[in-house]
Amino acid sequence: MRIAMTRGVSPALARCELAFLPRVALDAGRARDQHREYERALRDLGCTVVSVAADPALPDCVFIEDVALVLDEVAVLLRPGAPSRRPEAAAVAEALAVYRPLRWIAEPATIDGGDVLRIGRTLFVGRSGRTSDAGAAALAAAVAPLGYDVQGVTVTGCLHLKSAVTQVGPDTVLVNAAWMGTEPLAGMRRVEVDPAEPHAANALWLGGDVIYPASFPRTIERLQAAGVSVRAVDVSELQKAEGAVTCCSLVFEAAEG
Ligand code: CIR
């Protein structure tokens, strides 16, 4: 079965970390409603949702992607670049231990899951404000014995690598080329975001459909024209916290039972 692990929205979401967006009024209750709709979309598209309880002391805990990377063989608990986010990992580790042996990234390395794009056996790792060279190297050391190759990618102007590129089909990526060097993606078919929607490169591909923010209608048209099936969700309140759709879940296969 396919698990989508999520984490509840903290009532303190308005005190989230922000890197590129200005702080604006944010309604955690509305974010919670949108998050429920996101979980509904995950279920509709075949996932079993396993939810970790929100922690009122951790504003960004809903963005579960940043604290762990779940591979077929292990789960790697990451060490986020923002110190306020590091305590998020403990509860997620406990939940993941049911499904995978755990590995940990040790200090001083930092790496956010939003900077890790897995395509097959390659892990593209963004060098962002959150992910250090030491973080990329520590991940490479953790996964090399399992046969994964780690490739660094330069990211500029956005929070994470997956703000600039995500996979939307077996051989297709959705890209904002202004925010990354696209050489590492040579060989993949590229759909470019609409220039009026620079934040539109983050889609959650579930092997068939993608879960995708309703707020990017022009890029939705581009995706559909490229043959991608889009399930649109309203995540506008989470977007004010610099969240998107990949960051709200960890999707992985697990044995029934
Ligand atoms: C942060 O700045 O860490 C959060 N406010 C947003 C994290 C979003 N994460 C992601 O897209 N992977």
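The values are calculated or read from the model by the stated rules, or taken from the named source; none is laboratory data. Note that the structure is a prediction, hence the values are computed from the model and not measured. With ideal geometry, Cβ positions are generated from the backbone for all residues, glycine too; neighbour counts draw on all protein chains shown.
If you take the residues of the stretch 24-53 that are within 14 Å of the ligand (Cβ to nearest atom) and touching a strand residue (DSSP E or B) at 6+ places or on another chain (Cβ under 9 Å), which of them is nearest to Val245 (Cα to Cα)? By that ranking, first place goes to Tyr38.
Screening the candidates Ser84, Ser128 for the property of being touching a strand residue (DSSP E or B) at 6+ places or on another chain (Cβ under 6 Å), of a type in the set (Ser, Thr, Tyr) and within 13 Å of the ligand (Cβ to nearest atom) yields one hit, Ser128. Among residues of the stretch 162-177 that are more than 19 Å from Pro195 (Cβ to Cβ), those with a beta-carbon under 7 Å from a residue that is within 14 Å of the ligand (Cβ to nearest atom) and not in a strand (DSSP E or B) at least six positions away or on a different chain give the pairs Lys162/Gly114; Lys162/Asn202; Lys162/Thr246. For Thr110, are the conditions met, namely being more than 24 Å from Leu174 (Cβ to Cβ) and either within 13 Å of the ligand (Cβ to nearest atom) or in contact with an Asp or Glu (Cβ under 6 Å, 6 or more places away or on another chain) (or both)? Judged against the criteria, Thr110 is a match. Residues of the stretch 88-122 that are part of a loop (DSSP other than H, G, I, E, B), at pLDDT 95 or above and not basic (Lys, Arg): Ala97, Val98, Tyr99, Pro101, Ile105, Ala106, Glu107, Pro108, Ala109, Thr110, Ile111, Asp112. Look at Arg23 and say whether it is free of Cβ contacts under 8 Å to residues at least 24 places away in the same chain and under 24 Å from Glu256 (Cα atoms). No: the conditions fail for Arg23. Assess whether Val210 counts as being crowded, with 19+ Cβ neighbours inside 10 Å, closer than 22 Å to Ala53 by Cα and within 16 Å of the ligand (Cβ to nearest atom). Spelling it out, it is not the case that Val210 is crowded, with 19+ Cβ neighbours inside 10 Å, closer than 22 Å to Ala53 by Cα and within 16 Å of the ligand (Cβ to nearest atom). The residues of the stretch 219-246 that are free of Cβ contacts under 8 Å to residues at least 60 places away in the same chain and either within 16 Å of the ligand (Cβ to nearest atom) or outside any loop (DSSP other than H, G, I, E, B) (or both), listed by number, are Thr219, Ile220, Glu221, Arg222, Leu223, Gln224, Ala225, Val230, Ala232, Gln239. Tell me yes or no: at least one residue of the stretch 207-215 is over 22 Å from Ala68 (Cβ atoms), out of contact with any Gly (no Cβ under 7 Å at 6 or more places or on another chain), acidic (Asp, Glu) and modelled with pLDDT of 95 or more. For the stretch 207-215, residues over 22 Å from Ala68 (Cβ atoms), out of contact with any Gly (no Cβ under 7 Å at 6 or more places or on another chain), acidic (Asp, Glu) and modelled with pLDDT of 95 or more: present.
For the stretch 55-67, the set of residues classified as within 14 Å of the ligand (Cβ to nearest atom) and either farther than 21 Å from Tyr99 by Cβ or surrounded by fewer than 24 Cβ atoms within 10 Å (Cβ to Cβ) (or both) consists of Leu58, Pro59, Asp60, listed by residue number.
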